[in-house]
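The values are calculated or read from the model by the stated rules, or taken from the named source; none is laboratory data. Values in this document were obtained by computation on a predicted structure and should not be read as measured data. As a convention, Cβ positions derive from the backbone with ideal geometry for all residues, glycine included, and neighbour counts pool all protein chains shown.
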Amino acid sequence: MPKKSTEDQPRYEDLVSQIETLVENIESGELGLEESIKGYEQGTKLIKQARAILDQAQQRVESIDLDHSKESSD
């Protein structure tokens with residue numbers, strides 16, 4: 001399966017905002033059980049996406065650090 005381009009991926013900040021909104025809606029107690037469960041399911045998907053973005057960012061930083069270390073030792 002081909003990787004999605006960064007243009008296709010939502011921004012990390014947008015995902016966090018959506019997660020926060022879901023949490024507020026669920027915690028408000030105004031949603032019924034079924035809506036709360038659907039919100040929880042959606043939230044877990046958003047969290048998975050956000051973690052993937054953070055993992056990619058961490059890999060980039062580690063790559064930069066490794067490149068910088070190589071340049072410093074040369």
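Residues that are more than 15 Å from Ala50 (Cα to Cα) and outside any helix (DSSP H, G or I) within the range 8-35 comprise Ser28, Gly29, Glu30, Leu31, Gly32, listed in sequence order.
Does Ile64 fit the bill of being hydrophobic (A, V, I, L, M, F, W, C), modelled with pLDDT under 95 and in a helix (DSSP H, G or I)? In short, yes. In the condition set (1) of a type in the set (A, V, I, L, M, F, W, C); (2) loosely packed, with under 13 Cβ neighbours inside 10 Å; (3) in contact with a helix residue (DSSP H, G or I) (Cβ under 9 Å, 6 or more places away or on another chain), Leu46 is compliant with all but (2).
I'd like the residue in the range 19-28 that is farther than 20 Å from Ala57 by Cα and either in contact (Cβ under 8 Å) with a residue 12 or more places away in the chain or in contact with an Asp or Glu (Cβ under 7 Å, 6 or more places away or on another chain) (or both) and, out of all such residues, is surrounded by the most Cβ atoms within 10 Å (Cβ to Cβ). First the steps, then the outcome.
Kept after step one, since they are farther than 20 Å from Ala57 by Cα, are these residues of the range 19-28: 20-28.
Subset that is either in contact (Cβ under 8 Å) with a residue 12 or more places away in the chain or in contact with an Asp or Glu (Cβ under 7 Å, 6 or more places away or on another chain) (or both): 22-23, 25-26.
On the way: Leu22: 21, Val23: 13, Asn25: 15, Ile26: 17.
By that ranking, first place goes to Leu22.
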